[in-house]
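Please read the structure below before turning to the comments.
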Amino acid sequence: MYFIANWKMYGSLNSLNSVKKVIRLSKKKKFKRAKIIYCPPYTLLNDFSKLTKKTRIKTGAQNCHELEFAGPFTGSVSPHMISSIGVKYIIIGHSENRFLGDNNLIINKKIISSMNQKLKIIFCIGETIKERKENKTTYVLKKQIIMGLKNIKKIDNILFAYEPVWSIGSGIIPKINDLQNQFKMLKKFISNRFKYKNPTLIYGGSVNQKNVILLKQINEIKGFLVGGASQNSNKFIDIIKKTII
Ligand code: PGA
């Protein structure tokens, strides 16, 4: 099971201390099954990467520029810069960045550049509330996958994070039955399209230590992308413990 902490634009050097608790947990035999990945802001990536180097915890970036190496792009960070400091994962396509202008075409370029740098992709997809009300969820998800992964043949290093946009940060999760059907659809679609038997599917959106008990019952879900609750180590640990009993 994957437990991915998306810290968004939160966290300072002081926050590193609280992660030590999670490192200790990850060393226990019982939690060997937990694949923990921390995605802090760029400013903390190097420190996280050093802190977790000799542990089973991995680090990930939250976004990148579409060009692989370097260029005159003020404020941007390239996949090469990210991978060169020992970071192994990268979140691409998060709805908060889609709102800021990342469309499927740009996302596709970012994924290809990142894959060239051997980064594993946490590829976020999800429908808005408007799209859901118009019954367009399946159409939107398929389109995001088709366009986001254009010219990509192998998906071994891609985790698919289904995050309904309306669930992110709202405290609301989809009805378990609906979610199960959505995941079944995704699994079938991705398996057929990429001739890949068991794509890694994870869920994100208001995951907490209570609803994770329901969410983990969905067989297709192989992990969680956790925003708000991951910034508090106790809550994050609770989520891991409730999932892996
Ligand atoms: P949330 O965020 O857990 O705070 O809803 C999830 C995400 O944005 O990845």
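Readers should treat all values here as calculations from the given coordinates under stated rules, not as data from a laboratory. The shown structure was predicted, so the numbers you read here are calculated from the model rather than taken from an experiment. No Cβ is skipped: glycine too gets one built from the backbone with ideal geometry, and neighbour counts run over all protein chains shown.
Of note:
- Among all residues of segment 74-89, there is at least one that is within 16 Å of the ligand (Cβ to nearest atom) and either crowded, with 20+ Cβ neighbours inside 10 Å or assigned to a loop (DSSP other than H, G, I, E, B) (or both).
- Candidates F189, F160, F194 - the one that is among the aromatic types (F, W, Y) and crowded, with 20+ Cβ neighbours inside 10 Å: F160
- The residue list N219, N211, N177 contains one member that is within 12 Å of the ligand (Cβ to nearest atom) and without any contact (Cβ under 8 Å) to a residue 40 or more places away in the chain, which is N211.
- If you check K54, K50 for being closer than 30 Å to I244 by Cα and part of a helix (DSSP H, G or I), only one passes: K50.
- Residue satisfying all of: in segment 23-43; over 18 Å from the mean Cα position of the chain (by Cα) and in a loop (DSSP other than H, G, I, E, B); surrounded by the fewest Cβ atoms within 10 Å (Cβ to Cβ) among these: K28
- Contacts under 6 angstrom Cβ, first residue in segment 1-19 being within 16 Å of I240 (Cα to Cα), partner part of a loop (DSSP other than H, G, I, E, B) and within 16 Å of the ligand (Cβ to nearest atom), 6 or more apart: N6/G227
- Any hit, segment 189-201, residues being under 17 Å from C124 (Cβ atoms), assigned to a helix (DSSP H, G or I) and more than 16 Å from the ligand (Cβ to nearest atom): yes
- The residues of segment 223-245 that are buried (at least 18 other Cβ atoms within 10 Å of the Cβ) and either within 13 Å of the ligand (Cβ to nearest atom) or part of a loop (DSSP other than H, G, I, E, B) (or both), listed by number, are G223, F224, L225, V226, G227, A229, S230, Q231, F236, I239.
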